[in-house]
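The values are calculated or read from the model by the stated rules, or taken from the named source; none is laboratory data. Just so it is clear, the structure is predicted and the values come from calculations on it, not from any experiment. As a convention, Cβ positions derive from the backbone with ideal geometry for all residues, glycine included, and neighbour counts pool all protein chains shown.
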Amino acid sequence: MNARDPSLFVRLRRRLQRWGAHPEARKYPAADTAITAIPLPPTLTLPLAQHIGAPAQPVVRAGDRVLRGQLIAQGAGKVSAPLHAPTSGTVVGIVDVPVPHPSKLPAPALIIACDGLDEACPAEGADPFTLSPGEIAQRVADAGIVGLGGATFPSAVKLSLGRDQPIPTLILNGGECEPYLSCDDRLMQERAGQVVDGARIILRAIGGERALIGVESNKPAAIAALREAAGGHADVRVVPVPSRYPMGSEKQLIAWLTGREVPSEGRSADIGVMVHNVATAAAIHRAIRHGEPLTSRIVTVAGGTVRTPRNLEVRIGTPISALVAFCGGLTATPTRLVMGGPMMGVAVDSLEIPVIKASGGVLALGPDEVAAPDASAACIRCGACVGACPIGLLPLEIAARIRGDDLPGSAALGLKDCIGCGTCAFVCPSRIPLVQYFNHAKGELAARERDRLRQESIRELVQARAARMEREAREKAEAAARRKAEREKAKAAAARKPEEVSA
Ligand code: SF4
Ligand code: SF4
């Protein structure tokens, strides 16, 4: 789509106005409470895989004393992120613990016994506008910053895309369209200066020309705070976007703000756009200006069974039981515990699961907030899911292919473009768990693709071995033929010699 063609832009916006859903926001009373830092727990549990990419590798051992901000695990490979001690204390060891992941499998984590002193490593900040783009990206990588909107992609890897070619447009995502969550709203209201400065630092890192901060129109206080903070900067603009789920998804925000669509299976950088979450921008500000690695985040604690829902500043690794206790505890046993939002979050089984870099919310939901597991009925082909899908997919047809075990058919209908937002399932009157089908099928397709690549690589190895053996056999035969020819030549020469002598 050409953004310079106003009629196309208008048509795209009209189309965008039709999709999506309006789940009940349920953001209050948490959204009304100022961010509060909670006390340190006795121990912190830090999973080594808190980001997309290879897990971090520990650089400390049991018994080591660590200080707040000290490197405790380094990134491994191109796509990875390091971990830093969120407070001072002693490393207890590395153990497998339950982590917030859909697989529910345990994963290795570093355990730190906090000493309560909260002693910090010396930190060194810098003026970002004296740093080169490469130096900014390196400092962001060293600080362990990942996408704090839930994607957890290492931010420095994204920034380095700007090294190959400048990316003119930066979008900061202040959508926060998931029900219950208000951590980004509070951050934008209370720390707008950090967000705007982070945007300007990112612009420098990617060679960008303008930053658009997209904020849902139902957050007037955040919009006002950001506009005031951006006042003196012509390159930063705060743009209200419609309040609708999933406006916070990257592709929708880009389309709404720029009139451009990210190609299927493509990246936003392909159309000259980069998107970061507002909390990521604030973390980049702190990493560059103050030399602070990422060791804490803001978490919304809410849900019908939480006594006093609120927004908390929490050290990474804190068990969610400590957050719930700080909110006055639970009024009843939750029907479902969720890490993240109710639409795209991960259901967890234990209050001892730790907060990780991706955790924007902890929800303890009651029975009236959760659909009954056996509530689904047959598809009535009403088409509501088709109208609601923000990507323009045909969820009912994709689900039918999956149910018929026709995974290639579901892929041909665009399953890989599905962002897993859950809007189709939300609007479905038959309450069909469409996203569960899609997630299962995506996992199966990925496994089949891995299997295909493995088979292909085995076939290539077998073919290479057969070709090598054929070549060796041919070379052997040629060498034998050469030797035979030389022997016969020598024999013939020997037979000629007596005649030559007699002559
Ligand atoms: S098909 Fe995927 S992208 Fe479309 S509404 Fe459903 S979950 Fe969202
Ligand atoms: S919304 Fe549900 S019932 Fe309606 S067509 Fe889609 S899958 Fe079928």
- Message: Just to be sure before I move on: is Gly404 more than 30 Å from Gly341 (Cβ to Cβ) and within 16 Å of ligand 2 (Cβ to nearest atom) in the structure I sent?
- Response: yes
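Report, by residue number, each residue of the range 427-444 that is in a helix (DSSP H, G or I) and either closer than 23 Å to Lys251 by Cβ or modelled with pLDDT of 85 or more (or both). Before the answer, list the steps.
Of the range 427-444, the ones in a helix (DSSP H, G or I) are 427, 434-444.
Residues satisfying the conditions are Val427, Leu434, Val435, Gln436, Tyr437, Phe438, Asn439, His440, Ala441, Lys442, Gly443.
Please determine whether any residue of the range 452-462 is outside the structural domain of Ser410 (by TED's automatic domain parsing), in contact (Cβ under 8 Å) with a residue 40 or more places away in the chain and under 22 Å from Asp405 (Cα atoms).
Checked the range 452-462: no residue is outside the structural domain of Ser410 (by TED's automatic domain parsing), in contact (Cβ under 8 Å) with a residue 40 or more places away in the chain and under 22 Å from Asp405 (Cα atoms).
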- Within the range 112-136, the residues that are surrounded by fewer than 23 Cβ atoms within 10 Å (Cβ to Cβ) and either within 15 Å of the chain's Cα centre (by Cα) or hydrophobic (A, V, I, L, M, F, W, C) (or both) are Ala113, Cys114, Leu117, Ala120, Cys121, Ala123, Ala126, Phe129, Leu131
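Yes or no: Gly248 touching a Cys at 6+ places or on another chain (Cβ under 9 Å), in a loop (DSSP other than H, G, I, E, B) and not polar (S, T, N, Q)? Don't jump to the end; show me each part of the working.
Details: touching a Cys at 6+ places or on another chain (Cβ under 9 Å): yes; in a loop (DSSP other than H, G, I, E, B): yes; not polar (S, T, N, Q): yes.
When the stated conditions are applied, Gly248 passes them.
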- Identify, by number, the condition in (1) over 20 Å from Gly20 (Cα atoms); (2) modelled with pLDDT under 90; (3) in a helix (DSSP H, G or I) that Val196 doesn't meet. (2)
- Please find, within the range 408-439, the residue that is nearest to Pro342 (Cα to Cα) out of those that are away from ligand 2 (no atom under 16 Å from the Cβ) and free of Cβ contacts under 8 Å to residues at least 60 places away in the same chain. Ala411
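Determine, yes or no, whether Ala446 is within 23 Å of the chain's Cα centre (by Cα), more than 8 Å from ligand 1 (Cβ to nearest atom) and surrounded by fewer than 16 Cβ atoms within 10 Å (Cβ to Cβ). Give the derivation first.
On the way: within 23 Å of the chain's Cα centre (by Cα): yes; more than 8 Å from ligand 1 (Cβ to nearest atom): yes; surrounded by fewer than 16 Cβ atoms within 10 Å (Cβ to Cβ): yes.
It is true that Ala446 is within 23 Å of the chain's Cα centre (by Cα), more than 8 Å from ligand 1 (Cβ to nearest atom) and surrounded by fewer than 16 Cβ atoms within 10 Å (Cβ to Cβ).
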- Item | Residue in the range 42-68 that is modelled with the lowest pLDDT, counting only those that are surrounded by 22 or more Cβ atoms within 10 Å (Cβ to Cβ) and either assigned to a loop (DSSP other than H, G, I, E, B) or in contact with a Pro (Cβ under 9 Å, 6 or more places away or on another chain) (or both) | His51
- Item | Residue within the range 284-292 that is surrounded by fewer than 24 Cβ atoms within 10 Å (Cβ to Cβ) and part of a loop (DSSP other than H, G, I, E, B) present | yes
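Could you identify the single residue in Gly420, Gly328 that is away from ligand 1 (no atom under 16 Å from the Cβ) and at positive phi?
Numbers: Gly420 fails: away from ligand 1 (no atom under 16 Å from the Cβ).
Result of the check over Gly420, Gly328: Gly328.
Is it the case that some residue within the range 399-414 is touching a Pro at 6+ places or on another chain (Cβ under 8 Å) and within 11 Å of ligand 1 (Cβ to nearest atom)? First the steps, then the outcome.
Here is the first cut: in the range 399-414, the ones touching a Pro at 6+ places or on another chain (Cβ under 8 Å) are none.
Looking for residues that are touching a Pro at 6+ places or on another chain (Cβ under 8 Å) and within 11 Å of ligand 1 (Cβ to nearest atom), one finds none in the range 399-414, hence no.
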- Task: Take the range 355-395 and flag every residue that is part of a loop (DSSP other than H, G, I, E, B), touching a residue at least 60 places away in the same chain (Cβ under 8 Å), among the aliphatic types (A, V, I, L, M) and within 16 Å of ligand 2 (Cβ to nearest atom).
- Result: Ala371, Ile391
- Mind listing just one residue for me: the one in the range 412-426 that is touching a helix residue (DSSP H, G or I) at 6+ places or on another chain (Cβ under 6 Å) and in a helix (DSSP H, G or I) and, of those, surrounded by the fewest Cβ atoms within 10 Å (Cβ to Cβ)? Leu415
